[in-house]
Structures are given as C-alpha cells and as structure tokens.
1. Between residue 66 and residue 109, what FRET efficiency follows from the Cβ-Cβ distance if R0 is 30 Å, with the result rounded to 0.05?
2. What is the antiparallel percent of DSSP beta bridges lying wholly in the chain, to the nearest 5?
3. Stokes-Einstein D for the chain at 20 °C, 1.002 mPa s, Kirkwood Rh over Cα pairs, in µm²/s?
4. Rounded to a whole number, what is D in µm²/s for the range 52-104 from Stokes-Einstein with the Kirkwood radius over alpha-carbon pairs (20 °C, 1.002 mPa s)?
5. Pop a pseudo-label 7 angstrom from the Cα along the beta-carbon direction at both residue 94 and residue 49 and give the gap in nm to one decimal.
6. If we sort 70-81, 10-21, 29-40 on the protection proxy, mean other Cβ atoms within 10 Å, highest first, what's the order?
7. Taking each pair of distinct Cα atoms in the range 28-87 once, what is the resulting Kirkwood hydrodynamic radius in Å?
8. Could you state the angle between the C-alpha long axis of helix 51-62 and the longest principal axis of the C-alpha atoms of the chain, as a value from 0 to 90 degrees rounded to the nearest 10?
C-alpha cells in the first residue's frame, strides 16, 4: 500500500505536503524476515501499467523479497494516511482501499 504521512508530528491539516513510502503489515513482515536472512515472498494484487505499483515491487525487491507471485489486475492502488501521534494525542490512520486491486479478485485468480 502507498503510505502518505505529513512530516514529523504535523497533523493532516497542518502540512502542505505528505511523505510517500510503502507499507502494510504483510509487506513489513516480509521485509523483516528477509532482513533476518529468511526467504520471504509477497503475494498480492496490484494494478497493471501503474508507476506507483511498479515502485512497490522495486522497493520489495530492494529488500530481498520475492515478488514473483504478485498478480497485476484491474483496480487501483490501496492508500493509507498516517498522522503520527505526539504526547497525549494518539496516531491516526485513514484507509482508502475501496476498489483496490487486492479487493477485486475472485477464487482462482491467484494461483
């Protein structure tokens, strides 16, 4: 997923910019396992002909994660927004996943 966050501890409405990175629980685990020397593969569905989806694959490969099982199919890239908490204010996460590629496959679309 594409992760967008205002820099530092700024709130969503305080910042004129977002820092773009990639994340998601499963991807984070795959990268961590690979970093510990374990073989790790990532299975998901990403949109075809999409430069951000291409960048996700490159980033996973950079960390040694096998991306050969990623399926490219219709839909959009999942996005989540993170506002880092500060002091008594907790972090806030907003997901934008409706219609993303991983939500659309039917049984048998992924081997």
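None of the figures in this text is laboratory data; all of them are computed from the coordinates on show. Here the structure is a predicted model, which is why all the values come from computation and not from measurement. Counting neighbours? That spans all protein chains shown, and the Cβs are built from the backbone with ideal geometry, glycine included.
1. Working: r = 19 Å, r/R0 = 0.65.
Calculated value: 0.95.
2. Working: 10 of 17 bridges.
Roughly 60 percent of the beta bridges in the chain run antiparallel, per DSSP.
3. Numbers: Rh = 15.2 Å.
Estimated via Stokes-Einstein, D reaches 141 µm²/s.
4. Numbers: Rh = 13.3 Å.
It comes out at roughly 161 µm²/s.
5. For residue 94 paired with residue 49, the spin-label model returns 3.1 nm.
6. Values: 70-81: 16.8, 10-21: 11.8, 29-40: 14.4.
Going by the mean number of other Cβ atoms within 10 Å, highest first, we get 70-81, 29-40, 10-21.
7. Numbers: mean 1/r = 0.0781 Å⁻¹.
Final number for the Kirkwood radius of the range 28-87 is 12.8 Å.
8. So the helix axis and the longest Cα principal axis differ by about 80 degrees.
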